[in-house]
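Presented below is the structure to which this report refers.
The values are calculated or read from the model by the stated rules, or taken from the named source; none is laboratory data. The model shown is predicted, which means the values in this text are computed figures rather than measured ones. Neighbour counts are summed over all protein chains in view; Cβ atoms, including those assigned to glycine, are modelled from backbone coordinates with ideal geometry.
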Amino acid sequence: MKWEFACLTPGRGRGRRLVHAGLLAMMESDERLGWADHSEPLRLAVSLEPCVMCLGAAMALGVREVCFAVESPADGAAGVAATWQRGLGRRGHQAPAVYGGIRRTESREQFRRYTATAPDSPMREWARTIADLPDLPG
Ligand SMILES: [Zn+2]
């Protein structure tokens, strides 16, 4: 299984709205891997639950598993992906399996550090909502 990693790198700093960390990681992987058949399934690991755009891109790239750390209540799409029917979609792509909660505590700490140092902005306020998510039971 190939691993591709993304981190908390808001696209706003790049001056573009359609740039999310997971999407950037997949675009870089796509450039490296090209159109050749992959000998190993692709797995995307990100700190934040992907949005619908990023999950759609994962499906188009042929990612088999998406692993994320912390949920994104405002726009996370894991619940949407769970409703996609298994099997082949357009151009033979399959919906990826999505797993959340992996290294959740560490990821929330990243969001806390960001909110402690970033200047006031809507991005900072949004990140605070992620940092302040309650602990999960268990
Ligand atoms: Zn996204």
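Pairing residues of region 18-42 that are farther than 18 Å from Val66 by Cα with residues that are in a helix (DSSP H, G or I) and not aliphatic (A, V, I, L, M), at Cβ distances under 8 Å and at least 6 apart in sequence or on separate chains, gives Leu18/Gly11.
If the requirement is being at pLDDT below 95, closer than 26 Å to Arg17 by Cα and within 14 Å of the chain's Cα centre (by Cα), which of these qualifies: Pro73, Pro122? Before you say what the answer is, go through the steps one by one.
Working: Pro122 fails: within 14 Å of the chain's Cα centre (by Cα).
Selected residue: Pro73, the only one of Pro73, Pro122 that is at pLDDT below 95, closer than 26 Å to Arg17 by Cα and within 14 Å of the chain's Cα centre (by Cα).
The helices (runs of 4 or more DSSP H) found entirely in region 62-138 that carry 3 or more residues being in contact with a Phe, Trp or Tyr (Cβ under 9 Å, 6 or more places away or on another chain) are 122-131. Selection within region 67-111: residues that are loosely packed, with under 15 Cβ neighbours inside 10 Å and within 18 Å of Trp126 (Cβ to Cβ). The member of this set that is nearest to the ligand (Cβ to nearest atom) is Asp75.
Number of residues in region 43-57 that are within 8 Å of the chain's Cα centre (by Cα) and either among the small types (Gly, Ala, Ser) or under 17 Å from Gly101 (Cα atoms) (or both): the value is 9. Of all residues in region 59-70, those satisfying the criterion of being out of contact with any Pro (no Cβ under 7 Å at 6 or more places or on another chain) and modelled with pLDDT of 95 or more are Cys67, Ala69, Val70.
Can you find, within region 32-58, the residue that is nearest to the ligand (Cβ to nearest atom) among those that are assigned to a helix (DSSP H, G or I) and modelled with pLDDT of 90 or more? Checked region 32-58; the qualifying residue nearest to the ligand (Cβ to nearest atom) is Cys54.
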